[in-house]
1. For the residue pair Asp355 and Ser278, what label-to-label distance in nm results when each label sits 7 Å from Cα along the Cα-to-beta-carbon direction?
2. Enumerate by residue number the trypsin sites (Lys or Arg not before Pro) in the range 483-591 meeting two conditions: DSSP loop (anything except H, G, I, E, B), and at most 14 other Cβ atoms within 10 Å of the site's Cβ.
3. Gain in length, Glu250 to Lys455, computed as 0.36 nm per residue apart minus the alpha-carbon separation, to one decimal in nm?
4. Run the 1.4 Å probe and let me know the accessible area of Trp14, rounded to the nearest 10 Å².
5. Using a 1.4 Å probe, how large is the accessible area of His17, given in Å² and rounded to the nearest 10?
6. Pairs Lys176/Lys391; Lys45/Lys179; Lys21/Lys391; Lys179/Lys430: which are spaced more than 29 Å apart, C-alpha to C-alpha?
7. If each DSSP helix of 4+ residues adds -39,500 (n - 2.57) and the sum is divided by the residues in the chain, what number results at 222 nm, nearest 500 deg cm²/dmol?
8. Please list, ordered by chain and number, the residues whose modelled amide H lies under 5 Å from the amide H of Tyr439; skip anything fewer than 5 residues away on the same chain.
Amino acid sequence: METAEAGHDDVIGWFEHVSEKACKVQSQTLRRILELNSGVEYLRKWLGTVDVEEMDDNTLETLFTSLVPIVSHAELDPYIQRIADGETSPLLTQEPITVLSLSSGTTEGRQKYVPFTCHSSQTTLQIFRLSAAYRSRYYPIREGGRILEFIYAGKEFKTPGGLTVGTATTHIYSSKEFKTKQETTKSFTCSPQEVISGGDFGQCTYCHLLLGLHFSNQVEFVASAFSYTIVQAFSLFEETWRDICADLKEGNLSSRITLPKMRKAVLALIRPNPSLASHIEEVCIELETNLGWFGLIPKLWPNAKYVSSIMTGSMLPYLTKLRHYAGGLPLVSADYGSTESWIGVNVDPQLPPEDVSFAVIPTFSYFEFIPLYRQRNQQDMCSDGDFVEEKPVPLSQVKLGQEYELVLTTFTGLYRCRLGDVVEVTGFHKGTPKLSFIYRRKLILTINIDKNTEKDLQRVVDKASQLLSRTTQAEVVDFTSHADVTVSPGRYIIYWEIRGEAEDKALEDCCREMDAGFLDHGYVVSRRMKSIGPLELRVVERGTFGKVAERCAGKCGGLNQFKTPRCTTNAVMLDILDGSTVKRFHSSAYD
Ligand code: AMP
């Protein structure tokens, strides 16, 4: 039987090979996509009946990019809806589509569906293997060990046409590829399927933690899809560790776990273990009383080599807390992908998350890059509000230091579809670009002529939360915002959940700091002119964002992919936030 190490060499060898000639591989990838889906309704509409097999790679690429338009999801949505309604003629792909994924974002107020095919699970398996191989170069792990994985499969449902819908991660965790991944990487998740697919964040997390401790000496690393989940999980642990220790001692399961299948599966795995329980209890008492839970992970999982999850982009705000729990263990930033397609792999797992970039995998999709400029300094470019755009370029023409929006043509039937992510080319891995994730495009806060992105918001919240931790014993646990135009003048509201005690004076200062921190010219001018009112900081009670996550994730199918929206207009979410507001502050920055 092949060892994991030999498997690692194989998969890295494959990736080095395709990266070396990434430009050529991209042309071949486009050809494969078009040959496989030749004659589907969408392509016929734009390409007519051309015979793609007869054309050389260059002609094909030119023809494709000149005839097929760049679209957003909204333009492909009518085709996807017809598939969802049960139409079986080949609309986007020749291979019948039987499963749809829910992607982040909406299309005209409806949830966004993306086709999911066997290609989706195969590429997932491939990137999992590749990523494990790169990680093991820097942080080798023991074969046959375990992963404490905070993963959650959401619920699946059927469309009127009988197709299965769920998040991409839900499909993956129930696929045979997920089992294969464990076998080929020779690392096994601590929790059984009944826990992963339990569907209740609190109960699943409790069992993940319990089993993680039950197998504590075997755990080689800690992981989740997005780092928000790890932070949430350990925050829950701080509150439940006594119950967990009692369960470990007696080989029992707390009555808080009410799901029968989950109870049965967990009880079948654990045995009374009083010595482990008392050891964990001792460590927890020390962590709680002397260390403020600093270094929780290495203290409780002494053989863990690193923590792995997506830590970039909208996960950056959780990094401080994650570092606190990891207490010096390396944080390995996981790969870059979307429901539409996997995009890039982290080939430098040793780098801190702030410096990570992702090497594009040229066989997974055909990638195009729309150059983006922040200033209107040239003519004959079209402007899309936040940026000025130039004509899209193929992978072979991307430039170092340039920002781009990604456009994908996938094996699953998306043709020249904008992803909405802004990335910067920060280097090359052999012949393939390395992308650093900047943020998701689109303005999130705008009332007047002001334009603030998620990144702008994140920056001001970061600054103010640093001020808070410098001046008080409190810290910001989570945040979101809302552009309130129901009052005149409109103003920004920022909601904070904080942990610890903070005097009103300190919070007033934070509120002012944030208001003054938005440097966008339109905002500054509007604030000075009082066409935008003073920013309001609303402090919500502890646990509010947990409630928001439960509510929203319940609707869109899984906490695994849940990311706190940094700005919201969602009435349900605003209701929860406003109902939980305990303090309000108005900025005096422009008085
Ligand atoms: P979804 O399709 O709902 O899973 O969301 C995909 C989106 O999550 C991407 O388009 C990115 O905006 C974000 N994302 C995925 N991977 C990363 C990453 N490694 N770093 C930052 N953001 C990411």
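The values are calculated or read from the model by the stated rules, or taken from the named source; none is laboratory data. Note that the coordinates shown come from a computational prediction; the quantities given were computed from them, not determined experimentally. Counting neighbours? That spans all protein chains shown, and the Cβs are built from the backbone with ideal geometry, glycine included. Calculation scope for accessible area: heavy atoms of the full protein, side chains included, ligands and nucleic acids excluded. Shrake-Rupley method; radii C 1.70, N 1.55, O 1.52, S 1.80 Å.
1. So the two model labels end up 4.6 nm from each other.
2. Details: sites: Arg491, Arg499, Lys505, Arg512, Arg527, Arg528, Lys530, Arg538, Arg542, Lys547, Arg551, Lys555, Lys563, Arg566, Lys583, Arg584; in loops: Lys530, Arg542, Lys563, Arg566.
Taking the range 483-591 and a limit of 14 other Cβ atoms within 10 Å, the loop trypsin sites (Lys or Arg not before Pro) found are Lys530, Arg542.
3. Working: separation 205, 0.36 × 205 = 73.80 nm, distance 4.82 nm.
Contour length minus the Cα-Cα distance gives 69.0 nm.
4. 70 Å²
5. 100 Å²
6. Numbers: Lys176/Lys391 41 Å; Lys45/Lys179 40 Å; Lys21/Lys391 24 Å; Lys179/Lys430 31 Å.
Pairs exceeding 29 Å: Lys176/Lys391; Lys45/Lys179; Lys179/Lys430.
7. Working: 20 runs with 240 residues, N = 591.
Rounded to the nearest 500, the figure is -12500 deg cm²/dmol.
8. Hits under the 5 Å cutoff: Val422.
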